Amino acid sequence: LFKPLSSCSKVGHPRPGQPYKGGNFCAFLPDNREGQKTALLLKKAFEQGLTFQIKSFNGEERVTWGLIPHKTSWEGGKTRNGYPDAQYLREVCTVL
């Protein structure tokens with residue numbers, strides 16, 4: 001589980017160094033060799049500030065998922081960001 005920082009100071013953010021509203025972000029990976037490899041890559045992406053982005057919703061900036069796909073449910077399949085999705089680990093590693 002990665003939680004975004006309450007403030008971001010990246011170049012290009014609407015208000016660098018200021019707090020943003022967000023939420024709790026939770027994603028799932030299988031506990032196997034491929035899942036553990038993917039977890040390490042996701043950790044590197046998080047450390048580089050690539051996991052989350054700032055988006056404007058109704059005039060208010062909020063922290064949201066970035067462009068890296070995450071599985072946020074164990075159910076629902078690919079169309080609902082869940083499992084089963086036989087291609088997910090390959091696809092996310094390609095993005096990473």
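According to the Cα gyration tensor, what semi-axes, each the square root of 5 times an eigenvalue, does the equivalent ellipsoid of the stretch 33-95 have, listed from largest to smallest in whole Å? Walk me through the intermediate numbers first.
Values: eigenvalues 107, 55, 13 Å².
Rounded to whole Å, the semi-axes are 23, 17, 8.
If you roll a 1.4 Å probe over the heavy atoms of the protein chains, what accessible area per residue do you get for the stretch 33-95, in Å²?
On the way: 4350 Å² over 63 residues.
Dividing the accessible area of the stretch 33-95 by its residue count gives 69 Å².
Run the simple label-point estimate for Glu91 and Asn32 please: 7 Å along Cα→C-beta, distance reported in nm.
1.7 nm
Work out from phi, with θ = phi - 60° and the Karplus expression 6.51 cos²θ - 1.76 cosθ + 1.60, the ³J(HN,Hα) of each residue of the stretch 49-63, listed in order in whole Hz, and give x for Gly and Pro.
x, 9, 7, 10, 9, 9, 10, 9, 10, 6, x, 10, 7, 9, 7
The values are calculated or read from the model by the stated rules, or taken from the named source; none is laboratory data. Computed from a predicted structure; not experimentally measured. Ideal geometry is used to build each Cβ from the backbone, glycine not excepted, and the neighbour counts take in all protein chains shown. What goes into the accessible areas is simple: the full protein's heavy atoms, side chains included, and nothing from ligands, DNA or RNA. Shrake-Rupley method; radii C 1.70, N 1.55, O 1.52, S 1.80 Å.
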